[in-house]
Every structure is written in structure tokens, then in C-alpha cells.
1. Might you tell me the accessible area per residue for segment 157-258, computed with a 1.4 Å probe and given in Å²?
2. Report in % the part of the accessible area of segment 351-479 that belongs to carbon and sulfur, leaving out ligands and nucleic acids; probe 1.4 Å.
3. As an exercise, find the ratio Rg/Rh for segment 782-911 from alpha-carbon atoms, using the Kirkwood inverse-distance average for Rh.
4. Carbon-plus-sulfur fraction of the accessible area of segment 131-270, 1.4 Å probe, in percent?
5. Quick one: dipole size for segment 415-485, taken about the Cα centre, charges +1 on Lys/Arg Cβ and -1 on Asp/Glu Cβ, in debye to the nearest 20.
6. So if I place +1 on the C-beta of Lys and Arg and -1 on the C-beta of Asp and Glu, and nothing else carries charge, what would the dipole magnitude of the chain be about its Cα centre? I want it in debye, nearest 20.
7. Can you pull the one-decimal nm distance between simple spin-label points at residue 741 and residue 789, each 7 Å off the Cα toward Cβ?
8. Under 13 Å from the 7 Å Cα→Cβ point of residue 982, by amide nitrogen: which residues of segment 930-974?
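The values are calculated or read from the model by the stated rules, or taken from the named source; none is laboratory data. All figures in this text were calculated on a predicted structure; none of them were measured in a lab. Backbone-built Cβ (ideal geometry, glycine too); neighbour counts: all protein chains shown. Please note that ligands, DNA and RNA were not included when accessible areas were found on the heavy atoms of the full protein model with its side chains. Shrake-Rupley method; radii C 1.70, N 1.55, O 1.52, S 1.80 Å.
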Amino acid sequence: MGRWVGVAIAWALVATGAAAGEPAGLDSLAAETLQRAFAYLDVEPSEWGFDKLYAEDDTFRISAVEELLGDPLRIPGWQAQLIGALRDEIGDPGALMGRMGTLCDARGDLSLPPLPHRLGRSPAEAVAMDDARDRLLASVASADRDREEAFAGLTPSERDTLLIVAPTLWGDWEEDAEKARKGKLHEELASPADTLFELGEDFLLDLAVKLDRAALTRASRAFLHAAAHLAADARGFDHTGPRVGLEGVSGALLAVEATDWGLWVVGGPGENTYSAEAIERIAFLIDLGGDDVYRGRIASAVGDLGHPFSVLIDLDGDDLYDARDRAYALGSGLLGVGALIDLAGDDIYRGEDGAEGVGCFGTGFLYDGAGVDFFEGRNLSQGAGAFGYGALISDSGDEAPDGPELQDDRAFEAGLRPVPGTGAVPIRFDENDTYLCARQSQGFASTFGIGLLYDRKGNDLYRAGGRYLHAPLLPHDFQSLSQGFSIGFRPRAGGGIGILFDEEGNDFYNGEVYAQGAAYWYSIGLLFDGGGNDRYLATQYAQGAGIHLAVGSLWDRGGDDHYASKFGVTQGTAHDLSSGMLWDECGNDYYLVSDGQAMSITNSTALFIDSQGDDFYATPRGGQGTVTWARGFCGSGIFLDLEGNDTYSEAAPAENGAVWRQRTYGLGIDLDRNLELPDEEVPEIVLTAEDSSRTVEELFETASIWEVGSAREKVRRARQGLIAKGMDAVRYVVAEKLGTERGLEYRAIRELAQSLPDSFAAEVLSLLMSEDEQVQRNVIALLGDLKHKEAREPLEQMLKQKKQRRHWNRIIGSLGRIGEIESAPRLRPFLASSEERRRIATIGALTALRDTAAVEELVDLLDDELLTVRAAATRALERLRAAAVEPLAESLAGGGQRALRVRTLGQIAVALRDSTDAVSRRARGRARHLLLDELGSVGRDDPSTRAAAVRSLVALGDEETLSIVRLRMEDEFDPLVLQTYAHAIRAREEE
């Protein structure tokens with residue numbers, strides 16, 4: 001391993017433009033630094049495309065997997081293009097399904113006009129219900145022809161067998177409870193089922209080969225396009241028509257009609273409750289508003305047994321969707337296409353396997369337009385696709401609620417950061433969503449599948465795990481396989497593309513094993529977060545990890561983020577002919593993992609980029625650009641930190657502002673580069689006529705808010721305006737605000753008082769004896785802050801009055817700030833007080849007065865029964881310096897708190913190191929002699945004292961002293977003393 005300090009590198013890189021052939025999707029600095037890394041390794045970038053397709057798969061492996069494994073440097077550009085396209089298509093489900101089909105090589109060519117308005121944004125224009133129904137049914141008829149074509153290759157028996165095993169597909173096939181789920185759909189829908197067979201993955205894969213996936217894409221596009229139009233039409237439905245009824249539904253209904261695919265039902269604008277029995281009969285349900293309750297097989301498209309197409313549209317209200325006892329519901333498709341569109345409200349979605357935007361041999365779509373929402377699923381839920389397409393879209397309203405005033409983000413405004421900080425944008429607490437699942441969820445995909453979870457705004461919680469242990473490898477940790485994860489069926493079939501896409505907010509991602517932008521076996525997993533201070537917590541195989549011939553990526557655009565995982569393969573790491581990437585564009589980030597961060601394990605490529613920020617890296621078992629060997633060769637790992645003052649573990653090869661190389665083709669670069677904002681300047685305050693016209697009350701209110709960020713100038717202007725009011729302001733404060741308990745108001749009062757100290761003190765001095773206790777507190781403190789000497793005697797008199805005892809601590813502090821040494825004799829007796837805080841306050845006041853006459857009493861307090869008092873006494877003696885040395889020396893004979901005395905003595909000696917006056921030199925010499933005596937006491941069982949002496953003697957630093965210490969350390973045996981010596985030497989070398 002080699003290491004070179006790279007100060008000049010940063011300037012060379014900044015000065016040059018982007019190199020030809022730079023990886024698309026990276027900024028010019030990242031691309032150029034990456035090129036420099038390849039140059040250090042003497043490797044051409046194209047060599048990262050070495051053969052990784054070791055396992056045969058000519059049927060299931062999708063082209064995107066082959067392309068990215070064949071050229072891992074395409075990952076940044078590929079994901080940037082994908083994120084941009086998805087962002088444009090989120091509000092057009094027909095286009096979104098077309099994108100998904102293209103991603104997994106099942107392009108379904110279908111001419112569809114674009115939606116005139118983004119889903120959920122269409123204006124309310126009068127539409128007849130019958131016309132809307134007829135348009136929907138015409139689209140369903142067309143989509144059904146494509147659906148039949150999609151599954152035409154499956155025999156009736158195969159389809160029935162698929163439906164029998166579907167409820168147990170995504171659980172643990174070895175658990176008896178999971179096996180018992182076979183046939184649950186048939187049981188629920190009163191259809192006979194033969195469950196006496198063993199489930200095997202080959203059966204699923206044989207069916208997958210027979211799918212006409214392009215036809216499924218066409219059916220999905222056509223139906224979801226029609227569903228989006230229906231959601232727009234429903235805004236214009238007439239609410240005033242006659243009411244009808246349906247068994248199992250409470251609340252008003254506007255329409256109940258039979259169709260070839262199930263009932264068409266329109267619910268009124270009030271509250272409705274739909275029973276499971278009623279829902280089972282409904283294929284197309286539109287509810288115009290109200291806080292509704294839906295139970296059972298909601299928005300569930302289960303072909304052959306149930307409705308092949310199903311849509312539920314709810315326009316408004318805080319709704320409950322309860323499908324906890326129904327698999328494949330809440331916008332899910334199994335041999336069909338299902339959609340749930342809820343445009344507004346704080347909603348609760350509770351489902352089990354196959355819930356909330358899931359396609360399994362079908363397509364599922366769930367769109368929630370706005371609100372604080374709760375999503376609960378089990379397996380294969382929340383935007384998951386396997387042998388099909390699944391999407392969960394959590395959109396948001398355009399209007400932010402009233403919230404705190406926006407904070408300036410000067411780095412973003414100066415163009416130094418790509419995204420603003422959380423406080424610089426409206427806080428969308430009205431969009432804080434919660435997602436809970438067991439595994440295979442939250443942007444999950446498997447073979448021939450695309451799964452997407454998209455969340456536009458809010459500070460969201462994602463939790464996956466807690467059900468299936470990762471035994472026997474990690475028998476006490478749970479699997480997740482979620483949060484932008486994809487997996488195939490090893491060894492026969494590759495997987496799909498799993499995507500978790502969160503636009504903004506301070507989010508918490510909690511996964512365990514296999515999570516957060518990771519993939520396994522010819523798959524792609526991507527987690528994209530557009531900004532916010534995020535927390536990523538995992539156990540293993542996470543945070544931009546490619547595992548066994550797969551591509552995993554985590555891309556976070558900004559925020560002060562935390563990445564933590566107990567074990568690798570994690571944080572831009574790859575294992576076994578894979579590619580892994582983590583890119584964090586800005587923020588002061590924390591990275592913790594046993595081993596990872598651009599670690600190429602078993603013939604892989606690994607890339608880690610942190611573009612900006614003062615970052616912390618902890619990898620106790622290695623990482624930051626390294627490789628392992630297998631099959632007789634190794635891969636390559638590159639670690640790049642492009643800016644900031646970074647901290648690494650002591651044992652790490654990495655170093656701030658350096659270049660290092662590990663194990664043939666592992667390399668790290670940390671640029672010696674720090675972006676500095678221009679000094680924040682509050683413009684000189686020039687009061688205007690508008691300022692002068694404000695009342696004292698108005699000015700004081702503004703003057704009493706936090707003087708930070710964008711409010712800084714406003715507060716300064718108000719305080720200057722208050723000062724300009726002169727005695728009018730003083731009289732207002734004395735009359736109305738002197739009893740305040742608010743710290744911010746006290747600050748405003750203090751600044752006003754300091755501008756007119758004598759006048760203000762004259763107004764308040766007589767209030768020292770106020771009957772209002774809070775007024776007394778504030779007057780005592782203000783007189784101290786003003787250093788008002790005329791207040792000394794009245795305050796000292798109050799120390800004699802037991803009825804003022806509750807104020808004594810505050811009075812003692814103010815006398816210290818006033819600074820008259822004449823107060824010292826009045827204060828010293830309080831060093832013996834029985835009250836902890838009073839002793840501490842007195843120590844502080846006497847220190848402020850520099851009362852050397854109190855030194856012996858302060859030394860005695862080094863034996864106080866409380867560590868807080870001892871700490872205060874230590875600090876006081878250190879500040880009194882030379883005057884404290886001899887009393888400390890004499891006290892060493894007493895034996896109490898010896899290590900504390902030696903430590904205090906040593907601190908004084910170090911503080912006097914550069915002093916040249918005779919008193920200081922004598923005190924320093926006396927202290928040095930005492931410290932050396934303590935160091936010689938190896939036979940005494942007092943390592944804490946020796947450690948304290950060592951620390952200070954090394955810090956004193958003259959060569960004679962260091963030589964003595966060095967010799968004495970040869971006979972030292974205690975680990976505390978030896979470690980203290982080693983740290984002291986390192987600290988001295990770094991000075």
C-alpha cells in the first residue's frame with residue numbers, strides 16, 4: 001500500500017475542464033478526479049467493463065443489467081436519465097407503464113395521447129357519469145384483449161396453479177404457516193383448489209417464459225391511462241342526482257350498475273363504509289369525498305377468480321383502506337391490472353402480501369395525491385413488481401402549510417451546492433408518510449419486473465424487516481430485500497429493476513439485510529434521495545451494493561446524512577462480479593460500516609464519491625478503495641472525496657488531502673479542497689422613516705426573535721430602532737417587560753440597557769427589592785451585565801438578608817461580573833456553602849475577581865464530595881496560574897484527589913510555557929519538578945497521577961524533559977499511562 005499527500009492535485013483538477021469521454025451524469029470535477037484515479041492505477045476506464053456475465057442466462061437477463069455490468073461508468077448517467085424521465089411521468093400512469101415496459105425489454109407500443117393534466121391536477125369540469133363510464137368500459141374492452149394475449153401462453157391449469165400458490169410466493173417456503181397460505185385466494189372466493197403439491201421456483205420461471213410481456217405493457221398502459229382520465233372526469237360529476245343503495249355499503253351512492261367486468265359504483269360526497277362483501281362485487285368504484293372506510297379486496301385485479309381489471313378512485317377525505325386479510329389488493333394486479341387513486345386526505349392503507357401498488361404476473365398502481373399517509377404491507381408490497389409492474393406514488397399538494405420562516409442557504413444561493421438545505425424550503429409536515437413492510441417491498445423487483453416507490457415531499461419513515469431472520473448467516477438479524485432492491489432466482493433467472501425515489505425531506509430509511517439501493521443476481525437496485533438530512537440504517541448488503549452479478553446504487557443529492565451498517569458489503573461496495581456505487585453530492589456526512597466504501601470484493605467494480613462536506617468515515621476492518629482476490633484475479637475499487645475537512649479512522653489507509661493505493665487496483669483520493677463561503681455580512685443598519693414610525697411595542701417584539709439566518713438583519717434593525725427610542729423604550733421595558741422569563745426578550749432588554757447603561761441602571765436599581773421575584777432576578781442579572789459599580793453595596797447587603805436567599809447565587813454571579821475586588825471577602829464564606837450550585841457560583845465569581853487570596857480554599861475544594869465542584873475549582877486554579885502553584889504543591893502531601901491536583905498543576909505549567917516574567921518562570925519550574933517527581937513513582941499504584949504528569953510534561957516540550965519522560969516510560973507497565981504518553985507524543989508532533 002502506498003500513500004501520497006495530494007495538495008497539488010486539487011488545484012490541478014479544479015483548473016482543468018472535463019476530460020473527453022468523462023462518465024455521463026457526473027460533474028466535471030468528479031469526472032476529472034475519476035479519470036485521475038484511473039491514471040494512477042494505470043487502467044483505462046473501459047477496463048471496468050471486464051466480463052461479469054459468468055452465469056448463463058439467455059432468457060431472463062434484461063439488457064439494462066448487461067449494459068451496466070458491461071460498462072459500470074454508465075451508471076451515473078443512466079440513473080440521472082432515468083430519474084429525470086420518471087419525474088416527468090409520475091403524473092401520467094400510462095406513460096409511466098410505458099417507461100417500465102421499456103426498462104425490462106417489454107416495450108408495448110401503443111398510441112396514447114398525453115394526459116391534458118398531471119394526475120390529480122385537472123380542473124373540475126362538468127362530465128356526465130354515463131359518458132365517463134362508457135369511455136372507461138371501451139378502454140377496458142381494448143385493454144382486456146391485450147391482457148388475454150399477455151397470458152394466452154398459460155394453460156387454464158397453469159393459471160389456476162399460479163393463483164393457488166400466489167399467496168405464499170413471497171414468504172418463507174419452509175415455514176408451515178406460510179405453506180398453509182396456499183389456496184387462500186380460492187378459499188376466499190369460494191373456488192375449489194388442489195394444494196397438495198410442493199412449490200418450486202422452476203414452475204414460476206416456466207410460466208414467465210410464456211408471458212407476452214409486451215402485451216401486458218399495452219394492457220397496463222391502456223387501462224391506467226383510462227383510469228387517470230376517469231379520475232379527472234370524476235371531479236366534474238354531478239353530486240345532486242338521486243341516491244341508490246347497495247347491500248354492504250352505508251352512506252349515499254349515486255350509481256350502481258352492472259358491467260361485463262363487475263359493478264360500476266359511484267359513492268356520494270359524504271362518508272361511506274364499503275364492506276368486504278360489497279367490495280368483492282365492485283370492479284370500478286368512484287367515491288366523491290368524505291372520510292370513507294373500505295374493507296376487503298380493495299382495488300384488486302385477480303384474473304380468472306375475480307375482476308381482471310379494477311379501479312378505485314377517491315377524491316377527498318381521510319380514508320381507511322383495510323385489506324389486511326386479503327392478498328393482492330390496494331392497487332394490485334395478479335393476472336390483471338389494478339389501480340387505486342386517492343387524490344387527497346390523510347389516509348391509512350393496511351394490506352398484506354401483494355399490497356399497495358404491486359404487479360405479480362400483472363400490474364398494480366397506487367396513487368396518493370396528498371396528505372400524511374400510513375402504508376402497511378407484508379411481503380411484495382409498496383411499489384413492487386415481479387413478472388410485471390408495480391408502482392406506489394405518494395404525490396403532494398402544491399401549497400405548503402404555514403410554517404417557520406425560510407432560512408437562508410448561502411451555499412445553495414451562491415451555486416456551491418446542488419440542492420437547498422431543509423430549512424431553506426417550506427417544511428412539508430403535511431406530507432410526512434410512513435411505510436412499514438416485512439420484505440420484498442418499497443421499490444422492489446424480481447424477474448421480468450419493475451417496482452417503483454415514489455415520494456414527492458415530506459419527512460418520511462421507511463421501515464423494512466422484523467419478520468424473516470437471515471439465518472443461518474445472521475441468525476439474529478432480519479432480511480429486508482427492500483428500499484430500491486431487486487433480486488433474481490439464482491442460478492436460473494435474473495431479476496428486474498427496483499427503485500425507491502424520494503424527492504426531498506429529512507427521511508429515515510431503516511432496512512436490515514439487503515436494502516437501500518442494492519441488488520442480487522443479474523438485477524438493478526436504485527435508491528435516489530433528492531435532498532434533506534437523511535438517516536440510512538442497515539445491517540448488511542446495503543447502501544449502493546451489487547451482490548452476485550448485479551448493480552446497486554445509492555444516489556443522495558444533499559443534506560447532512562448518516563449512513564450506518566453493522567457489516568459490509570455496503571456503501572458503494574460490490575461482491576462477486578458486480579458493480580456498486582454510492583454518490584453523495586453534498587453535506588457533512590457520517591459513514592460507519594465494518595468494511596466497505598469502494599470495496600471491490602471477488603472480481604467486482606466499486607465506486608464511492610462524496611462530492612462536498614466535512615465527512616466522517618469509520619471502517620474498522622478496511623475499505624475506502626480496496627479489493628479482494630478470487631478466481632485468480634481481482635477487480636477494482638475507487639474512493640473519491642472531493643471537498644471538505646474529512647476524518648478517518650486511525651487505522652484507515654485514507655487521509656484528508658491525500659492519495660492512497662491498496663492491493664493492486666484499489667485507490668482513494670481525498671482532495672485538499674475546501675469551499676468557503678464569503679463572510680456573512682449584515683449590512684450596516686440605517687434606520688428609515690418606516691422604522692421610526694413603528695411603536696416601541698412593535699420594535700420590541702421583533703427585537704426578541706432569534707437573531708439568526710434570514711432574521712438577522714430584521715432583528716438588528718429592530719434593536720437599533722428600539723435604542724433610537726431612548727428613554728421611551730427604557731420606560732416601556734421597565735414597566736412591561738422586566739418580569740419576562742423568555743431568554744430572547746432578556747437579550748433584547750440587555751442590549752437596550754447596554755446602550756444606555758447609566759440611565760437604565762438608575763431606572764431599575766430601586767427594583768432590587770421588588771415584590772415580583774422574576775423582576776428581582778432580571779434586575780440582579782442586568783446590573784451584573786452592566787458592570788454597574790453602584791450596585792455592589794446593595795447587592796452585598798442582600799447577601800446578608802436570609803429572605804433574599806433564593807437570589808444569592810444570582811447575586812454572587814453579578815458581583816463577579818461587576819468586578820470589584822472589594823466584594824471578595826463577602827463572597828469567600830460561600831465556598832463552604834452546603835449547596836452545590838452556590839459553591840460553583842462562588843468559585844466562578846472569585847475567579848472573575850482574580851482573588852488570589854482564595855487560592856488555598858480553592859485547593860481545598862479539590863477534595864469536594866461532588867465532581868462538579870471539583871471541576872469548577874480546577875478551572876479556577878488554572879486561571880489563577882502562578883499564584884496557585886505553591887498551594888497545590890503543599891497540598892500534594894495530603895494525598896486526597898492526587899491525580900486531580902497533578903493534572904491541575906500540569907495545566908498551569910503548560911499555560912505558563914511561553915511566559916517570560918520571573919514569577920511565571922519560577923512557578924513553571926516548580927511545577928515541572930513536582931511533575932517529574934510524580935512520574936518517578938512507578939512503584940506507587942497510582943497510574944492516573946502518572947498519566948496526568950506524562951500528559952503535561954510532554955506538552956511542556958523541552959528536550960531535557962522529553963528525554964527524562966522517554967526513559968521513565970521504558971519501565972512503565974500501566975496501559976493508561978502508556979496510552980496517554982502515545983497520545984501526547986502524537987499531539988506534540990501535530991502542533
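1. Numbers: 4380 Å² over 102 residues.
Heavy-atom accessible area per residue stands at 43 Å².
2. Working: 2100 of 3800 Å².
The C+S portion of the solvent-accessible surface of segment 351-479 is 55 percent.
3. 1.00
4. So the carbon and sulfur contribution to the accessible surface is 50 percent.
5. 100
6. Working: 99 positive and 163 negative charges, 758 e Å.
The calculation lands at about 3640 debye.
7. Going from the residue 741 label point to the residue 789 one covers 3.7 nm.
8. Hits in segment 930-974 for residue 982 at 13 Å: 974.
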